[in-house]
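Read through the structure below, which is laid out as structure tokens, and then see the notes.
The values are calculated or read from the model by the stated rules, or taken from the named source; none is laboratory data. Every value quoted in this text rests on a predicted model; they were computed, and no experiment measured them. So basically every Cβ, Gly included, is an ideal-geometry build from the backbone, and we count neighbours across all protein chains shown. Accessible surface is based on the protein model in full, side chains and every heavy atom, while ligands, DNA and RNA are left aside. Shrake-Rupley method; radii C 1.70, N 1.55, O 1.52, S 1.80 Å.
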Amino acid sequence: MSSIRFARKAVTRYWLRISVAMLWSASAGVALASDGPRPSTPVDWVNTFIGTGGTGAEYGGTMPFVSTPFGMTNWTAQTRQNRISVSSYEYDDRYIQGFIGTHQPAIWMGDYGYVTLMPEIGNINYAPEARRLPFTHKDETSTPYYYAVTMGTDAASRIHAQMTATDHAGYLRFTYPSGAKASVLVEATRPGIKGFISIDAARHEITGYNPDRMDAHLGPLALSHFKGYFVVRFKQPFAAAKVYEGVLTWPDRHDVQGNNVGAFATFDTRRDNTVDVQVGTSFISIAQARANLDAEMPNWNFDALRDALKATWNQKLGIATIEGASDDQRRIFYTGLYHALLYPKLFSEHGRYYSAFDDTVHDGTSYTAYSIWDIFRAENSLLTIFAPERINGMVQALLQDYREGGWMPKWPNPSYTNIMIGTHADSLVAEAISKGFKGFDWQLAYQAVYKDAMTPPDGDTTRRWFDREPHTPYEARAGLTYARQLGYIPADKISESASSTQEEAYDDYAVAQVAKAVGKTDDYRFFMQRSTSYRNLFNPRRGFMQARNADGSWASPDDGWTEGDQWVYLFAALHDVPGVVRLLGGPQAAAAKLDEHFNGGHNRHDNEPSHHYGYLYDYTGQPWKAQARVREIARDAYSDTVDGVLGNEDCGQMSAWYIFTAMGFYPLNPASAHYVIGSPLFTRVTLNLPNGKRFDITAANNSSQNVYIQSVTLNGQALDEPLISYAQIEAGGTLAFVMGPKPSHWAAHWHPQALP
């Protein structure tokens, strides 16, 4: 997902990738990956720097987080102050300004309720530019469970910092030169943000809150009670401590409420030059932040917490074991899985949660940071395999948002943001139901998706609903009023109409699956029929989808698109690819159109609407082209470099594509609970499934040249269709490919039916 439409051409990306790779090869990045003992556990293969570097705004936008899987608060070195379109850490930066407990989920979304700490020597500096310390990557160690860096220019000023984490807390350790005048700065808020901070020397604590919510202008809710609370607990007693506001200290006060506030504590390092700091975070209260800290860090054992977090990551990443991969491919695979297992983020705290939809506290479990327009395509499907224990809670969280705010959200961060189009939470609900998850209220789920499909947003016909339009009501399906009358959303009335018409046709399909599951047969038929409305945009004279105006006339071919164009959105009906094939004149004509798409440079794998395109050849009787294309994309769009993700990572979606492709299949229509087959990258992937079953994917004769499938069996039986189901994977067994250097006619006679 991007807010800049096609900011760079593919050729620019290619040469940028080559340039960054050359720089990376001369940097500490390769040293991190290849020096020292060979990695022995899955987490050892994670390169947290993949996606942290690049030029402009279209790079991966990742950060080297120390975090639990789905952790509420992530911890990273802060090389710049983050905001919407700026991440806290950028690989090319040469100074560290602090260590931040952040909730920013993606570069295009902002942070909220964050807190920053910075160790200092000598005079206290509050401003990031004044307090920053130089560092080099050779003095940096970064893993999902542990981060360390040495900052400063000489022995008298060098500080060694370390971090590890739990779900709601971070453990930081700062080692100063012996005898140094050591201090730790705690920044509660930045200039322009009013917050609170307090010192309790008896407890060795600094507490406070930060009410900043960078998405506040994007949605309809003011959330007067929203705050990110923190408790910063020190192992060592304070030699002194003061609060500050702006550039002024308040020597006679222990607390301050105001703009740009913080505190610092100094320590006697003559006997012990190490300062241990634990930071509990909460969105409920300072007391809850302290309770989170007490529960998750009951003692001062940094090494035990680090080792426990390493074991947690190994357990999760170890669900997949791979054979026949190069070292670079292993790092891309396990780093991608690490990225995918960070989102959505936990938003509840030991059985309670603050709701950013009704501004109150509730009992239960909650999640946020669903980049739904991105992740409904593959990331969510990946979680149903690798983290099925989370799915019921994640769907229930969306239903709680519906109950408390009136709608399921599009992109909660943590409240409504109106980012992107469609109501693809419908897809997440439908996918969970199609895959047999029962730990949420299906009837409530149907109420939520039915409202999405049938209720226009407030002021639907009085707004254009532009992307990121500030302070609008919740957008839901913008233009639904017109769509129900005309069968499409008109371009002269509603922004991004052509993309919305097609994507919401898929959402109607998802709603139909939920209706069927709860016994609403008539509704099922209605929504299945309405899911074919994307066909109203097909212009047979041009052979493309095209926006229409309210009077039925064709709009400009360039109008109505979301982060794409007529090429990107030709096959947007994920639920009815055979229907699109039929519109184009049949399999041969559709295959020719796909050839033109790829050969003409129209495929944009750096953004999500193109992610399924390589697999579309399965529907045209030419599956060998799908096999070649997905191999090509996997090779060219991903690398073990700082710019190793072609486009913004978008909460795991870019990585989920690679992981599925490596395994040999992809959820082209996620709500169907089926996967289409491509070309596996490795000779073996073993899934040690959380349900206790084992699913093996083998690929005899596999290599970079042998990309073509010669035959496939599932549990010893010939598989003649390029399709497997979630149920077949979860049952365990073996999916066995035989690969070769030339195309075969395997699955070439598969002709799935279009919707009626």
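The residue list 28, 57, 21 contains one member that is in contact with a strand residue (DSSP E or B) (Cβ under 8 Å, 6 or more places away or on another chain), surrounded by fewer than 23 Cβ atoms within 10 Å (Cβ to Cβ) and either at pLDDT below 95 or under 25 Å from residue 315 (Cα atoms) (or both), which is 28. Exactly one residue among 697, 729, 724 is β-branched (Val, Ile, Thr), in contact with a Pro (Cβ under 9 Å, 6 or more places away or on another chain), buried (at least 18 other Cβ atoms within 10 Å of the Cβ) and farther than 12 Å from residue 627 by Cβ, and that residue is 697. Which residues, counting only those in the stretch 140-190, are outside any loop (DSSP other than H, G, I, E, B), open to solvent by 10 Å² or more (accessible area, probe 1.4 Å) and polar (S, T, N, Q)? Correct list: 141, 150, 162, 175.
For the stretch 109-126, the criterion of being open to solvent by 10 Å² or more (accessible area, probe 1.4 Å), in a loop (DSSP other than H, G, I, E, B), out of contact with any strand residue (DSSP E or B) (no Cβ under 8 Å at 6 or more places or on another chain) and hydrophobic (A, V, I, L, M, F, W, C) is met by no residue.
Filtered by the rule that a residue be farther than 19 Å from residue 440 by Cα and open to solvent by 10 Å² or more (accessible area, probe 1.4 Å), the stretch 358-384 gives 358, 359, 360, 361, 377.
Looking only at the stretch 280-289, filter to residues that are touching a residue at least 60 places away in the same chain (Cβ under 8 Å) and not β-branched (Val, Ile, Thr); which one of those is nearest to residue 236 (Cα to Cα)? So, considering only residues that are touching a residue at least 60 places away in the same chain (Cβ under 8 Å) and not β-branched (Val, Ile, Thr), the one nearest to residue 236 (Cα to Cα) is 280.
Considering the stretch 493-525, the residues that are in a helix (DSSP H, G or I) and acidic (Asp, Glu) include one that is most open to solvent (accessible area, probe 1.4 Å), namely 522.
Please find, within the stretch 446-467, the residue that is modelled with the lowest pLDDT out of those that are among the hydrophobic types (A, V, I, L, M, F, W, C) and buried (at least 16 other Cβ atoms within 10 Å of the Cβ).
Looking only at the stretch 446-467, we keep the residues that are among the hydrophobic types (A, V, I, L, M, F, W, C), and these are 448-449, 453-454, 465-466.
Filter once more, so that each one left must be buried (at least 16 other Cβ atoms within 10 Å of the Cβ): 448-449, 453, 465.
Numbers: 448: 98, 449: 98, 453: 98, 465: 95.
Selected residue: 465.
If I go through the stretch 422-445 residue by residue, how many of them are open to solvent by less than 10 Å² (accessible area, probe 1.4 Å) and either under 16 Å from the mean Cα position of the chain (by Cα) or in contact (Cβ under 8 Å) with a residue 60 or more places away in the chain (or both)? Explain how you work it out, then say what you get.
Let us first name the residues in the stretch 422-445 that are open to solvent by less than 10 Å² (accessible area, probe 1.4 Å), namely 422-432, 445.
This time we only want the ones that are either under 16 Å from the mean Cα position of the chain (by Cα) or in contact (Cβ under 8 Å) with a residue 60 or more places away in the chain (or both), so: 422-431, 445.
Qualifying residue count, the stretch 422-445: 11.
Among residues of the stretch 311-332 that are surrounded by 21 or more Cβ atoms within 10 Å (Cβ to Cβ), those with a Cβ under 8 angstrom from a residue that is at pLDDT 95 or above and of a type in the set (Asp, Glu), sequence gap 6+ or separate chain, pair up as 331/640; 332/640. Tell me whether the stretch 639-646 contains one or more residues that are over 30 Å from residue 335 (Cα atoms), touching a Ser or Thr at 6+ places or on another chain (Cβ under 9 Å), among the charged types (D, E, K, R) and surrounded by 23 or more Cβ atoms within 10 Å (Cβ to Cβ). Within the stretch 639-646, none of the residues are over 30 Å from residue 335 (Cα atoms), touching a Ser or Thr at 6+ places or on another chain (Cβ under 9 Å), among the charged types (D, E, K, R) and surrounded by 23 or more Cβ atoms within 10 Å (Cβ to Cβ).
Tallying residues that are within 30 Å of the chain's Cα centre (by Cα) and either surrounded by fewer than 18 Cβ atoms within 10 Å (Cβ to Cβ) or free of Cβ contacts under 8 Å to residues at least 40 places away in the same chain (or both) within the stretch 526-558 yields 1.
The single residue among 136, 116, 102 that is of a type in the set (S, T, N, Q) and in contact with a Phe, Trp or Tyr (Cβ under 6 Å, 6 or more places away or on another chain) turns out to be 102. Looking at the stretch 565-643, the helices (runs of 4 or more DSSP H) lying wholly inside it that each contain 2 or more residues that are among the polar types (S, T, N, Q) sit at 587-599.
Going by what's in this entry, would residue 89 be described as open to solvent by 10 Å² or more (accessible area, probe 1.4 Å), aromatic (Phe, Trp, Tyr) and at pLDDT 95 or above?
On the way: open to solvent by 10 Å² or more (accessible area, probe 1.4 Å): no; aromatic (Phe, Trp, Tyr): yes; at pLDDT 95 or above: yes.
Considered against the rule, which asks whether it is open to solvent by 10 Å² or more (accessible area, probe 1.4 Å), aromatic (Phe, Trp, Tyr) and at pLDDT 95 or above, residue 89 comes out as no.
Contact list please: Cβ distance under 9 Å, first residue in the stretch 623-638 and more than 21 Å from residue 654 (Cβ to Cβ), second residue modelled with pLDDT under 95 and among the acidic types (Asp, Glu), pairs at least six apart or on different chains. Filtered contacts from the stretch 623-638: no entries.
Entry remark, the stretch 344-357: residues being more than 28 Å from residue 670 (Cα to Cα), assigned to a loop (DSSP other than H, G, I, E, B) and open to solvent by 10 Å² or more (accessible area, probe 1.4 Å) number 2 in total.
Please work out if residue 295 is at negative phi, open to solvent by 60 Å² or more (accessible area, probe 1.4 Å) and among the aliphatic types (A, V, I, L, M).
Working: at negative phi: yes; open to solvent by 60 Å² or more (accessible area, probe 1.4 Å): yes; among the aliphatic types (A, V, I, L, M): yes.
Yes: the conditions hold for residue 295.
Evaluated against (1) acidic (Asp, Glu); (2) over 24 Å from residue 672 (Cα atoms); (3) surrounded by fewer than 24 Cβ atoms within 10 Å (Cβ to Cβ), residue 401 falls short on exactly one condition, (3). Here 303, 272, 276 are screened, and the one residue that is touching a residue at least 12 places away in the same chain (Cβ under 8 Å) and outside any loop (DSSP other than H, G, I, E, B) is 276.
Of the set (1) in contact (Cβ under 8 Å) with a residue 60 or more places away in the chain; (2) under 23 Å from residue 411 (Cα atoms), all apply to residue 77 but (2).
Do we have residue 688 as polar (S, T, N, Q), open to solvent by 10 Å² or more (accessible area, probe 1.4 Å), touching a residue at least 24 places away in the same chain (Cβ under 8 Å) and within 26 Å of residue 326 (Cβ to Cβ) here?
On the way: polar (S, T, N, Q): yes; open to solvent by 10 Å² or more (accessible area, probe 1.4 Å): yes; touching a residue at least 24 places away in the same chain (Cβ under 8 Å): yes; within 26 Å of residue 326 (Cβ to Cβ): yes.
The answer is yes for residue 688.
Among the residues of the stretch 191-228, those that are among the aliphatic types (A, V, I, L, M) and either closer than 27 Å to residue 306 by Cβ or not in a loop (DSSP other than H, G, I, E, B) (or both) comprise 197, 199, 201, 202, 206.
Looking at the stretch 208-246, which of its residues are among the polar types (S, T, N, Q) and farther than 15 Å from residue 260 by Cα? Explain how you work it out, then say what you get.
Residues of the stretch 208-246 that are among the polar types (S, T, N, Q), as a first pass: 210, 224, 236.
Across the stretch 208-246, the qualifying residues are 224, 236.
On the basis of being open to solvent by 70 Å² or more (accessible area, probe 1.4 Å), over 30 Å from residue 177 (Cβ atoms) and touching a residue at least 40 places away in the same chain (Cβ under 8 Å), does residue 225 make the cut?
Details: open to solvent by 70 Å² or more (accessible area, probe 1.4 Å): yes; over 30 Å from residue 177 (Cβ atoms): yes; touching a residue at least 40 places away in the same chain (Cβ under 8 Å): yes.
When the stated conditions are applied, residue 225 passes them.
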